[in-house]
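Notes follow the structure.
Only the coordinates and a few stated rules stand behind these numbers; no lab work does. The structure displayed is predicted, hence computed values, not measured ones. Methodologically, a virtual Cβ is constructed for each residue, glycine included, from the backbone with ideal geometry; neighbour enumeration extends over all protein chains shown.
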Amino acid sequence: MSIGRVHSALHTARLLPARHGLRNRPLATPRLLAVSHYAPLTPRLRTLSTSALTGRLQGKTAIITGASSGLGRATAFRYSNGGANIVCADIRETTKYDTSNEETRGTTHDRINENGGKAVFVSADVTNPVSMENLVERAVEAFGRLDVMVNNAGVAFEGTDPRPVWDVPMEMWEKTQAINSTGVFLGTKVSQAVTTLSNKTSERSRC
């Protein structure tokens, strides 16, 4: 997959100006949020009303990594309630919290669709550049646009395997950094590449 293929998909969806000079509205730069699924909700997120979200998210498309479980799942539900199209991205389709009654009541994207929203699931590995490029491409193919990138996927191995720092194996450290740091970088990189390309193309069409 290449950015050029996403460019073509956007043209097909008629979101980028065609060569004959149509002046369509460019995609908005995505709101890039770097949070982890184990992090607590901030007071602002807890008190933000659905009506307020509706005005900001209606008709927009959001990719949410780590959407199958926990905070990512809750974020997907709230964004959907606000009118957004949701691309649920995760390494697994079902929740990892299989002892939770709420989390096992269907996959995130199925629950959203059953409640009248629009959502698709895309298998994605946030540590893999090719996988992340494919994720963005699938989002554009499904909904014709990309407005929001929520880099939510994250891990905290110390939560289930606490140990002093001198006893932390390099493998654990490197995997944590790959998901929590590189994953956010890649999500930001591939989503910004698409929106920057679309905005530049739109600007050239106005010349």
Practice prompt. Looking only at the range 136-149, decide whether some residue is out of contact with any helix residue (DSSP H, G or I) (no Cβ under 9 Å at 6 or more places or on another chain) and not in a helix (DSSP H, G or I).
Written response: no
Practice prompt. Being surrounded by 17 or more Cβ atoms within 10 Å (Cβ to Cβ) and touching a strand residue (DSSP E or B) at 6+ places or on another chain (Cβ under 7 Å) narrows it down to one of Val140, Val126, so name that one.
Written response: Val126
Practice prompt. Keeping to the range 55-97, report how many residues are over 21 Å from Asp125 (Cβ atoms) and loosely packed, with under 14 Cβ neighbours inside 10 Å.
Written response: 3
Worksheet item: On the given criteria, is Ala67 aliphatic (A, V, I, L, M) and part of a loop (DSSP other than H, G, I, E, B)?
Response: yes
Fill in: Any hit, the range 149-158, residues being more than 29 Å from Thr176 (Cβ to Cβ) and within 12 Å of the chain's Cα centre (by Cα)
no
